[in-house]
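*Asks:* First, the structure itself, so that you have it in front of you.
The values are calculated or read from the model by the stated rules, or taken from the named source; none is laboratory data. Since the structure is predicted, the reported quantities are computational estimates derived from the model, not experimental observations. Here the Cβ positions follow ideal geometry from the backbone for every residue, glycine too, while neighbour counts run over all protein chains shown.
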Amino acid sequence: MGDAKRDSNLVATLLGVSNVDGVTPVTLYVDPTTHRLLVSSSGPTEETPVGTVNGSNVTFTVSNTPKFVIIDGMFRVSGQGYTYSGGTITVDSLIPPVQFIRSFY
């Protein structure tokens, strides 16, 4: 069995076609919180958290409550790799030093 195609942020994606015209491509993704397959023409909205990505900083601020975060290419949900409170993402101390982080809402 092969791996799912990944977008530029390493999010696993599938590509389908619209049932309206049978031609228009649409992105499918799994919501890591509900485990439901979601269909969207644009997928989740990405936000780059504010904070120094230097391998030692573990706190980052965001404007929107994340559904999930990608830290160094790995899906993470709140309580499993990071915590979220009042606009701040705090990366779990067990996660290796952060070199890449993106938030999706």
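*Asks:* Could you figure out which of (1) without any contact (Cβ under 8 Å) to a residue 24 or more places away in the chain; (2) surrounded by 15 or more Cβ atoms within 10 Å (Cβ to Cβ); (3) over 14 Å from the mean Cα position of the chain (by Cα) isn't true of Phe60?
*Replies:* In the conditions (1) without any contact (Cβ under 8 Å) to a residue 24 or more places away in the chain; (2) surrounded by 15 or more Cβ atoms within 10 Å (Cβ to Cβ); (3) over 14 Å from the mean Cα position of the chain (by Cα), Phe60 misses (1) alone.
*Asks:* Every residue in segment 60-90 that is of a type in the set (Val, Ile, Thr) and farther than 12 Å from Pro49 by Cα, please.
*Replies:* Scanning segment 60-90 gives Val77, Thr83.
*Asks:* Report, by residue number, each residue of segment 73-87 that is surrounded by 15 or more Cβ atoms within 10 Å (Cβ to Cβ) and farther than 17 Å from Val30 by Cβ.
*Replies:* Tyr82, Tyr84
*Asks:* Return a yes/no flag: does segment 52-65 have any residue that is of a type in the set (A, V, I, L, M, F, W, C), modelled with pLDDT of 90 or more and not in a loop (DSSP other than H, G, I, E, B).
*Replies:* So far as segment 52-65 goes, yes, one or more of its residues are of a type in the set (A, V, I, L, M, F, W, C), modelled with pLDDT of 90 or more and not in a loop (DSSP other than H, G, I, E, B).
*Asks:* State which residue pairs qualify: first residue in the same structural domain as Val98 (by TED's automatic domain parsing) and closer than 18 Å to Thr45 by Cα and inside segment 70-83, second residue modelled with pLDDT under 85 and among the polar types (S, T, N, Q) in any location, beta carbons under 8 Å apart, and separation of 6 or more residues or different chains.
*Replies:* That search, which allows pairs on different chains as well, returns Ile70/Asn9; Val77/Thr33.
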